[in-house]
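Chemist: The structure's right below; bear with me while I get my questions together.
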Amino acid sequence: MVYMSLILLVYQFIPELCLIIFGSILVAVILHASSCAIKTILHALLCAFKTWHSIDNTTTARDKSFPLPPGSLGYPFIGETLEFLKKGSNFYKLRQEKYGNIFKTNILGCPTIRVIGAENVRTILQGENSIVMQSWPKSTKLLLGSGAMTQTSGEIHRSQRKQVLHAFSMHALAEYVPIIQSDIRKQIETWLEKGTFLGYNECREMTMSISSKVLLGFDFDVEEKQRYNKMFLDFTDALMTVPINFPGFGFHKGMKAREGLLAGIKEQLHKLSLKEGKRPFKTAFEYYMDALDEELNMDGLDTIAEGALDLIANGFSTTSSALANLIMILGKHENVLQNVREELNTHGLLDPENVDLTLNSLKDLSYSSKVLKELLRLYPPAGASFRKCLKTFELGGYTIPAGWTVMYSIRETHRNPMVYEDAEEFRPDRWDDSSFHPGTLTSESPTDKFNFIPFGGGRRSCVGSEFAKLSLRIFLLELARSCDWTLLNKDAEMRFIPVPHAVDSLPVQIRRRDH
Ligand code: HEM
């Protein structure tokens, strides 16, 4: 520790000398290290050191006409990682209060600029492939694989998106309605039988079941459901970990889960390609294959399985967080739940025996839509996303250097008090005002569509957004019309990373609604 502090001290004055000394020590230790895990850690440290050292070079070589954004790059190697781990999402909030809507930080050796507010976010999202491009941590890249749409770029990405979007067309969504509804009803029935349940855990299971059925035609029994749920949890938990593939590390667990999930998906794809088993609907995968206009061959199966895993993984934590937060927010705002029920009653949908929902019967529920919009504003499941800068550019009077990471913020953008009055409050009626429609116009006023970006924007906006919104709408309807519930810990603390969730997993007491 003393040696480390000494090196850090000397680094302030003679960086090159320190780089050589520290690099040599690491190389020597690497040469002698026998365990592969230790080697990986040391290698990661060396890379982090190199990155940190290059930050200073980048900043001195930058365009002098604009300063770097305010903020701190923290300590060598670790940057502000420890602060971030301690404070979670408050880390960003506190820095925004101190430095404004564009600030720099350094997490896990990556010099990063966090960008907040419609105007700034628009520059990033519309600058896809010209000033920025998609960039994920190494763990995410390895777990999702090169066939995943989130990992591809350019022409390949464009054509993958086009094909996948066929699976979420209005025509396809209309077919999914009864499938989603039936799964939701089954899940709610199990909650009613239990009487109490943990909202976050149960909503994850429900999301996994819905998406694997709609996308791939899986029909799990209870045991399989639990097994797949566990694999998905291990997999998604590992997406943002240190990529050390050694027993005991989260990433290793994630890689094991990936193997299991891909094997299951491939087997199911194979069955679908042979048209085995009768299903009352066409799965998203089958729409996708139609759009590909090719026969499935076994060589292509790996890539397609990775694509399917990418889709399910992207929708897993995000959708389940939104579903669970819906239970929470309605549990706290009984008047809003009452208004939803009144709207359902007006449309003849309050009776749970009225089973046959269609896309049409759901489309005129304007109050319910506002409830869901407000939910996604206040608790956006994806709080931010990453890009890598392709070239140095200016943003809001600051230099954004090439090679740095840009993190565009959804969470803080959604809580901008200049746009949203009482921004921290859950108020679905804020969407009543017809002149207030973030999402329809583009200007620098509150009507700028980049003020409301739960599904991102531009070329990489969410491909599953319509499917997610449909699932949320059906869940809201089924829950409101068939259940009454009480939150057992109304004041539980909320955390926002990796997705918004109550720390106690949301214990809920539920009962059948009296009609
Ligand atoms: C409430 C639920 C959801 C939310 C809030 C959400 C949010 C987002 C956001 C913000 C992005 C853009 C990320 C970026 O700019 O880097 C995104 C991308 C994506 N989402 Fe979703 N998502 C949800 C559900 C889903 C579902 C259900 C699926 C699949 C069935 C899905 C698949 C994807 C994919 C594949 C991408 C990457 C698109 C690309 O790179 O072109 N998402 N999502």
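The values are calculated or read from the model by the stated rules, or taken from the named source; none is laboratory data. Because the structure is predicted, anything quoted here is derived from the model rather than measured. Here Cβ is always computed from backbone atoms with ideal geometry, including for glycine, and neighbour counts include all displayed protein chains. Heads up: the accessible areas ignore ligands, DNA and RNA and are worked out on the full protein's heavy atoms, side chains in. Shrake-Rupley method; radii C 1.70, N 1.55, O 1.52, S 1.80 Å.
Chemist: Name every residue in region 137-170 that is open to solvent by 60 Å² or more (accessible area, probe 1.4 Å), hydrophobic (A, V, I, L, M, F, W, C) and in contact with a helix residue (DSSP H, G or I) (Cβ under 9 Å, 6 or more places away or on another chain), in order of residue number.
Modeler: Leu142, Leu165, Met170 - these are the residues of region 137-170 that are open to solvent by 60 Å² or more (accessible area, probe 1.4 Å), hydrophobic (A, V, I, L, M, F, W, C) and in contact with a helix residue (DSSP H, G or I) (Cβ under 9 Å, 6 or more places away or on another chain).
Chemist: Would you say Phe235 is buried (at least 16 other Cβ atoms within 10 Å of the Cβ) and touching a residue at least 24 places away in the same chain (Cβ under 8 Å)?
Modeler: yes
Chemist: For region 198-228, name all the residues that are within 16 Å of the ligand (Cβ to nearest atom), of a type outside the set (Ser, Thr, Tyr) and part of a helix (DSSP H, G or I).
Modeler: Scanning region 198-228 gives Gly199, Cys203, Arg204, Glu205, Met206, Met208, Ile210, Lys213, Val214, Leu215, Leu216.
Chemist: Does Ser321 satisfy the condition of being polar (S, T, N, Q), near the ligand (Cβ under 10 Å from one of its atoms) and open to solvent by less than 10 Å² (accessible area, probe 1.4 Å)?
Modeler: The answer is yes for Ser321.
Chemist: Let me ask another. Is there any pair with a first residue in region 329-346 that is within 16 Å of Lys363 (Cα to Cα) and a second that is assigned to a helix (DSSP H, G or I) and open to solvent by 10 Å² or more (accessible area, probe 1.4 Å) whose Cβ atoms are under 7 Å apart and which are 6 or more apart or on different chains, and what are they?
Modeler: Matching pairs, first to second residue: Val340/Tyr367; Glu343/Tyr367.
Chemist: Inspect region 302-318 for any residue being in contact (Cβ under 8 Å) with a residue 60 or more places away in the chain and away from the ligand (no atom under 15 Å from the Cβ) and give the result as yes or no.
Modeler: The answer is yes, given that some residue of region 302-318 is in contact (Cβ under 8 Å) with a residue 60 or more places away in the chain and away from the ligand (no atom under 15 Å from the Cβ).
Chemist: With (1) farther than 11 Å from Gly331 by Cβ; (2) free of Cβ contacts under 8 Å to residues at least 60 places away in the same chain as the list, and Asn489 as the residue in question, which single condition is left unmet?
Modeler: Checking Asn489 against (1) farther than 11 Å from Gly331 by Cβ; (2) free of Cβ contacts under 8 Å to residues at least 60 places away in the same chain, the one that fails is (1).
Chemist: Here's something else I'd like to know. Among the residues of region 102-109, is there at least one that is away from the ligand (no atom under 12 Å from the Cβ), modelled with pLDDT under 90, out of contact with any Lys or Arg (no Cβ under 6 Å at 6 or more places or on another chain) and open to solvent by less than 10 Å² (accessible area, probe 1.4 Å)?
Modeler: yes
Chemist: A further question follows. Just wondering, is there one or more residues in region 373-383 that are within 16 Å of the ligand (Cβ to nearest atom), open to solvent by 30 Å² or more (accessible area, probe 1.4 Å) and under 25 Å from His171 (Cα atoms)?
Modeler: Scanning region 373-383 turns up at least one residue that is within 16 Å of the ligand (Cβ to nearest atom), open to solvent by 30 Å² or more (accessible area, probe 1.4 Å) and under 25 Å from His171 (Cα atoms).
Chemist: Consider Ala174 carefully, then state whether it is closer than 22 Å to Leu470 by Cβ and surrounded by fewer than 20 Cβ atoms within 10 Å (Cβ to Cβ).
Modeler: yes
Chemist: Restricting attention to region 409-433, which residues are within 16 Å of the ligand (Cβ to nearest atom) and open to solvent by less than 10 Å² (accessible area, probe 1.4 Å)?
Modeler: Ser409, Ile410, Thr413, His414
Chemist: Based on this model, can you work out whether Val499 counts as within 14 Å of the ligand (Cβ to nearest atom), modelled with pLDDT under 95 and not in a helix (DSSP H, G or I)?
Modeler: So Val499 passes the test.
Chemist: When you look at Leu94, is it more than 23 Å from Leu239 (Cβ to Cβ), open to solvent by 60 Å² or more (accessible area, probe 1.4 Å) and within 14 Å of the ligand (Cβ to nearest atom), yes or no?
Modeler: no
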